[in-house]
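Chemist: My questions will all concern the structure given below.
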Amino acid sequence: LFIAGWSYAKIAVDLPSVAILPVLLDPENGELLQPTRLTDRSGTVTLTTLANPGIERRYLAVDPDAPQHLSPQLLRAVVAHLDPTFWENPGYSLKELQNPEPQTIAERLASEILLWKEPDSSNRAIRMRMLAAQLVNTYGRTQVLEWYLNCAYFGHLAYGAESAAQLYFEKSAQDLTLGEAALLTVLLDSPALNPIDAPGAILEAQRLFLASMAESGVITTADFSSALRQEIDVRPSIADPQSAAPAFTRLATVQLNEVMR
């Protein structure tokens, strides 16, 4: 018991507090709903904003009765793809306790928001699962799913499902069809293969995912056929963020990408 307690204390030391999530993802003033800005050394002059021009980050609820809510098609697709037992599991998976890759949506949220600075290790994997358990136990599964979908990265500077829907389909994430929801869902695993930068690859991945949903019974064969027949209108391109110091911006962006890997 002493050794087990000592091991737990060693792993849990300096564990981030899950209480920061409601602050970071507050629908009105949350920091994670604001785009990253690069400024000069004084901090007063903005050189560039790392966001797609004209695309806002808006927070949408999971609750279908809320005035602004996420499409039920997106919720169904994301849960089916990332965490099929989401509504029953405790938020973490013990089957691969030391696997650094998140196995549940709560683990993804903990990994990407609370532990993003920590390098992969067996200790980090356990800490991630401890935090995932706390998240589900403290806030519930619905809130975890809502937070995740409002901060997840969908490629091409699109953070959150609403930003992604506005960027790629020029519509709200509230109005996504099954085909569009499936496309956004596969982006969560491969954001670089987004419709603007790699349209052919992402459409193929979307079709494979729809087929897997049909095979597992998440959607009917009629739903599958209908989604395949749907023509998805994707924005072909969008202007890059403007910068007052392009060379500096490029260098800073490369360095940020290295840090975030």
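Chemist: With respect to Tyr168, is the statement that it is under 16 Å from the mean Cα position of the chain (by Cα) and either open to solvent by 10 Å² or more (accessible area, probe 1.4 Å) or modelled with pLDDT under 95 (or both) true? If you could, list the steps in order and put the result at the bottom.
Modeler: On the way: under 16 Å from the mean Cα position of the chain (by Cα): yes; either open to solvent by 10 Å² or more (accessible area, probe 1.4 Å) or modelled with pLDDT under 95 (or both): no.
So Tyr168 does not fit the description; no.
Chemist: Select from the range 210-256 the residues that are over 24 Å from the mean Cα position of the chain (by Cα), at pLDDT below 90 and of a type in the set (Val, Ile, Thr) and list them in ascending order.
Modeler: Residue satisfying the conditions is Thr249 alone.
Chemist: Just one of Ser93, Ser111, Ser163 is polar (S, T, N, Q) and either more than 20 Å from Leu25 (Cα to Cα) or without any contact (Cβ under 8 Å) to a residue 12 or more places away in the chain (or both); which is it?
Modeler: That would be Ser93, the only listed residue that is polar (S, T, N, Q) and either more than 20 Å from Leu25 (Cα to Cα) or without any contact (Cβ under 8 Å) to a residue 12 or more places away in the chain (or both).
Chemist: Please verify whether Ala158 is open to solvent by less than 10 Å² (accessible area, probe 1.4 Å) and out of contact with any helix residue (DSSP H, G or I) (no Cβ under 8 Å at 6 or more places or on another chain), treating the condition exactly as stated.
Modeler: Details: open to solvent by less than 10 Å² (accessible area, probe 1.4 Å): yes; out of contact with any helix residue (DSSP H, G or I) (no Cβ under 8 Å at 6 or more places or on another chain): no.
Here the answer is no, as Ala158 does not meet what is asked.
Chemist: Out of Leu97, Leu115, Leu74, report the one residue that is open to solvent by 30 Å² or more (accessible area, probe 1.4 Å), touching a helix residue (DSSP H, G or I) at 6+ places or on another chain (Cβ under 7 Å) and among the aliphatic types (A, V, I, L, M). Break it down into steps so the answer makes sense when it comes.
Modeler: Working: Leu115 fails: open to solvent by 30 Å² or more (accessible area, probe 1.4 Å); Leu74 fails: open to solvent by 30 Å² or more (accessible area, probe 1.4 Å).
Every option except Leu97 fails the conditions.
Chemist: Ok, one more. Among Tyr139, Tyr153, Tyr159, Tyr148, which is under 22 Å from Pro64 (Cα atoms), aromatic (Phe, Trp, Tyr) and touching a strand residue (DSSP E or B) at 6+ places or on another chain (Cβ under 7 Å)?
Modeler: Values: Tyr139 fails: touching a strand residue (DSSP E or B) at 6+ places or on another chain (Cβ under 7 Å); Tyr153 fails: under 22 Å from Pro64 (Cα atoms); Tyr148 fails: touching a strand residue (DSSP E or B) at 6+ places or on another chain (Cβ under 7 Å).
When all the criteria are applied, what remains is Tyr159.
Chemist: Let me ask another. Filter the range 114-130 down to the residues that are farther than 18 Å from Asp83 by Cβ and free of Cβ contacts under 8 Å to residues at least 40 places away in the same chain and list them by number.
Modeler: Within the range 114-130, Lys117, Glu118, Pro119, Asp120, Ser121, Ser122, Arg124 meet the criteria.
Chemist: Which pairs do you get when a residue that is of a type in the set (A, V, I, L, M, F, W, C), found in the range 16-41, comes within reach of a residue that is open to solvent by 50 Å² or more (accessible area, probe 1.4 Å) and in a helix (DSSP H, G or I), reach meaning Cβ atoms under 7 angstrom, with the pair 6+ apart or on two chains?
Modeler: Val18/Gln134; Val18/Thr138; Leu24/Glu31; Leu24/Leu32; Leu25/Leu32
Chemist: Can you tell me how many residues in the range 17-52 are open to solvent by less than 60 Å² (accessible area, probe 1.4 Å) and part of a loop (DSSP other than H, G, I, E, B)?
Modeler: Adding up the residues that qualify gives 8.
Chemist: With respect to the numbered conditions (1) hydrophobic (A, V, I, L, M, F, W, C); (2) at pLDDT 95 or above; (3) farther than 24 Å from Glu31 by Cβ, which one is the sole condition not fulfilled by Leu187?
Modeler: Tallying (1) hydrophobic (A, V, I, L, M, F, W, C); (2) at pLDDT 95 or above; (3) farther than 24 Å from Glu31 by Cβ, Leu187 fails exactly one: (3).
The values are calculated or read from the model by the stated rules, or taken from the named source; none is laboratory data. Since this is a predicted model, take the numbers as computed values, not measurements. Every residue, glycine as well, gets a Cβ built from its backbone with ideal geometry; the counts of neighbours run over all protein chains shown. Accessible surface is based on the protein model in full, side chains and every heavy atom, while ligands, DNA and RNA are left aside. Shrake-Rupley method; radii C 1.70, N 1.55, O 1.52, S 1.80 Å.
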